[in-house]
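Structure first, then comments.
The values are calculated or read from the model by the stated rules, or taken from the named source; none is laboratory data. Just so it is clear, the structure is predicted and the values come from calculations on it, not from any experiment. Quick reminder, even Gly has a Cβ in these numbers, built from the backbone with ideal geometry, and neighbours come from all protein chains shown. Each accessible area value is taken on the protein alone, full model and side chains, heavy atoms only, with ligands, DNA and RNA left out. Shrake-Rupley method; radii C 1.70, N 1.55, O 1.52, S 1.80 Å.
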Amino acid sequence: MESEKELMNKAKTPVTSRLCRVSGLMTEIMEIKAEDPKFHVLFIPGNPGVVPFYKDFLESLYEFLHGNASITGMATLISSLFSDWESGRLFSLQDQIDHKVDYIRQKMEGAKVPIILVAHSIGSYISLDILRKFSEKVVYCVGLYPFLTLNKQSTKQLLIGKLAASSVLSATASFLIASLRLLPMWAARLLVSNSLGASWSDTAVQATCTHLRQYHTMRNVLYMAMTEFIELAAEPDWEFMREHQSKLAFLFGIDDHWGPLHLFEEISKQAPGTSLSIEREGHTHAFCCTVAGSVWVAQHVATLIKNRFTHLQ
């Protein structure tokens with residue numbers, strides 16, 4: 001198996017990006033099609049759901065799986081594209097779940113190969129609902145740095161929750177971020193690189209500058225966050241997770257308030273047959289924003305899949 005360093009320096013099969021309509025809603029898709037796939041990986045991002053952030057991860061995952069899987073990554077926020085296709089409509093967490101379910105029904109249900117779900121953050125919660133609806137078609141579900149329930153010990157979550165719950169604060173924050181569109185692209189890239197993205201990859205900086213400098217996108221980010229905080233105030237559905245524990249795997253980070261280690265401990269008690277891992281390499285919740293994080297997590301996911309399905313070794 002190739003090492004992380006070898007893969008980081010290797011020319012990889014590139015993802016292709018396209019727009020398609022799912023139940024009438026414009027959706028951004030990134031994909032790599034295998035010639036003879038043994039299964040299909042469907043990747044669900046976390047909020048803000050901008051799938052180009054995961055370009056390095058998706059390409060690395062395809063390489064580590066040696067072309068045995070076709071890979072599709074789809075935007076979580078339906079309205080996170082270059083233009084406001086849906087005229088300012090705001091989408092809830094349930095809207096996002098319904099959107100992914102519709103995609104599988106319209107585009108994947110007739111596929112001859114099984115589906116493996118891989119998801120990040122709130123995408124892990126979404127993927128559990130997809131598994132609930134397609135339990136025969138979905139054979140495995142990998143949640144990365146999962147956001148499955150509120151962390152009452154997190155001050156950051158408390159502050160984000162207050163911001164998202166206020167329409168005035170959400171609109172103000174979205175307007176301020178959208179004002180960065182006044183900057184030319186080179187200036188925006190420089191600003192992001194020297195602030196938020198000081199250690200970020202070119203992929204992450206580009207995704208930030210092209211997708212997040214939009215008023216409607218930031219409103220959707222915060223509106224979805226508000227509905228997440230409402231829905232995830234409840235405990236996870238432990239009975240469902242126990243029933244499907246052989247199909248579940250989660251990767252946690254050392255210091256991740258979205259997927260804290262006390263959730264790791266609770267899952268190990270409630271659904272002990274679940275495959276649980278802790279990332280100790282320092283890549284953080286936003287693993288997709290660095291090449292090293294993308295490659296390491298891709299290798300971890302590929303190893304989980306190959307260990308689970310030994311015929312892919």
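Please find, within the range 304-313, the residue that is farthest from I254 (Cα to Cα) out of those that are in contact (Cβ under 8 Å) with a residue 60 or more places away in the chain and of a type outside the set (F, W, Y).
Initially, the range 304-313 is screened for residues in contact (Cβ under 8 Å) with a residue 60 or more places away in the chain, giving 304-306, 308-309, 311-312.
From what is left, the residues that are of a type outside the set (F, W, Y) are 304-306, 308, 311-312.
Details: L304: 19, I305: 22, K306: 25, R308: 24, H311: 32, L312: 30 Å.
The qualifying residue farthest from I254 (Cα to Cα) is H311.
Is it true that some residue in the range 106-114 is open to solvent by 10 Å² or more (accessible area, probe 1.4 Å) and farther than 30 Å from N307 by Cβ?
Checked against the condition, which is being open to solvent by 10 Å² or more (accessible area, probe 1.4 Å) and farther than 30 Å from N307 by Cβ, the range 106-114 yields at least one hit.
Among what's in the range 189-200 and is in contact with a Cys (Cβ under 7 Å, 6 or more places away or on another chain) and assigned to a helix (DSSP H, G or I), pick the residue that is surrounded by the fewest Cβ atoms within 10 Å (Cβ to Cβ).
Per the criteria, the residue is R189.
For the range 9-39, enumerate the residues that are polar (S, T, N, Q) and either crowded, with 18+ Cβ neighbours inside 10 Å or under 17 Å from F91 (Cα atoms) (or both).
Quick first cut of the range 9-39, residues polar (S, T, N, Q) only: 9, 13, 16-17, 23, 27.
Residues satisfying the conditions are S23, T27.
For residues that are in contact with an Asp or Glu (Cβ under 8 Å, 6 or more places away or on another chain) and on the phi > 0 side of the Ramachandran plot, tally how many sit in the range 23-80.
2
Among the residues of the range 237-253, which ones are open to solvent by 10 Å² or more (accessible area, probe 1.4 Å) and under 20 Å from L150 (Cβ atoms)?
We begin by selecting, within the range 237-253, every residue open to solvent by 10 Å² or more (accessible area, probe 1.4 Å); these are 237-240, 242-247.
Result: D237, W238, E239, F240.
Being open to solvent by less than 100 Å² (accessible area, probe 1.4 Å) and either among the aliphatic types (A, V, I, L, M) or closer than 20 Å to A233 by Cα (or both) is the filter here, so list the residues in the range 169-188 that pass it.
Filtering the range 169-188 down to residues open to solvent by less than 100 Å² (accessible area, probe 1.4 Å) leaves 169-174, 177-180, 183-185, 187-188.
If the condition is that a residue be open to solvent by less than 100 Å² (accessible area, probe 1.4 Å) and either among the aliphatic types (A, V, I, L, M) or closer than 20 Å to A233 by Cα (or both), then L169, A171, A173, I177, A178, L180, L183, M185, A187, A188 are the ones that fit.
Which ranges mark the helices (runs of 4 or more DSSP H) fully within the range 201-313 that have 1 or more residues being touching a Gly at 6+ places or on another chain (Cβ under 6 Å) and of a type in the set (A, V, I, L, M)?
Passing ranges, in order: 202-211.
From the set of residues in the range 140-165 that are under 13 Å from Y223 (Cβ atoms) and open to solvent by 30 Å² or more (accessible area, probe 1.4 Å), which is nearest to the chain's Cα centre (by Cα)?
That would be I160.
Here are the criteria: (1) under 20 Å from E279 (Cα atoms); (2) in a helix (DSSP H, G or I); (3) of a type outside the set (F, W, Y). Tell me which single one Q157 does not satisfy.
Of (1) under 20 Å from E279 (Cα atoms); (2) in a helix (DSSP H, G or I); (3) of a type outside the set (F, W, Y), only one is false for Q157: (1).
Which count do you get for residues in the range 160-188 that are hydroxyl-bearing (S, T, Y) and part of a loop (DSSP other than H, G, I, E, B)? Spell out how you get there, then give the answer.
At the first step, the residues of the range 160-188 found to be hydroxyl-bearing (S, T, Y) are 166-167, 170, 172, 174, 179.
From what's left, part of a loop (DSSP other than H, G, I, E, B): 166.
Residues that pass the stated criteria total 1.
Quick one: would you say K100 is of a type in the set (K, R), modelled with pLDDT under 95 and either in a loop (DSSP other than H, G, I, E, B) or surrounded by fewer than 23 Cβ atoms within 10 Å (Cβ to Cβ) (or both)? Let's see the steps before the verdict.
Working: of a type in the set (K, R): yes; modelled with pLDDT under 95: yes; either in a loop (DSSP other than H, G, I, E, B) or surrounded by fewer than 23 Cβ atoms within 10 Å (Cβ to Cβ) (or both): no.
When the stated conditions are applied, K100 does not pass them.
Considering only the range 40-61, state which residues are open to solvent by 10 Å² or more (accessible area, probe 1.4 Å) and either more than 29 Å from E228 (Cβ to Cβ) or part of a strand (DSSP E or B) (or both).
Within the range 40-61, just H40 meets the criteria.
Here is a list: K156, K247, K162. Which entry is basic (K, R) and in contact with a strand residue (DSSP E or B) (Cβ under 7 Å, 6 or more places away or on another chain)?
Numbers: K156 fails: in contact with a strand residue (DSSP E or B) (Cβ under 7 Å, 6 or more places away or on another chain); K162 fails: in contact with a strand residue (DSSP E or B) (Cβ under 7 Å, 6 or more places away or on another chain).
Matching residue, one of K156, K247, K162: K247.
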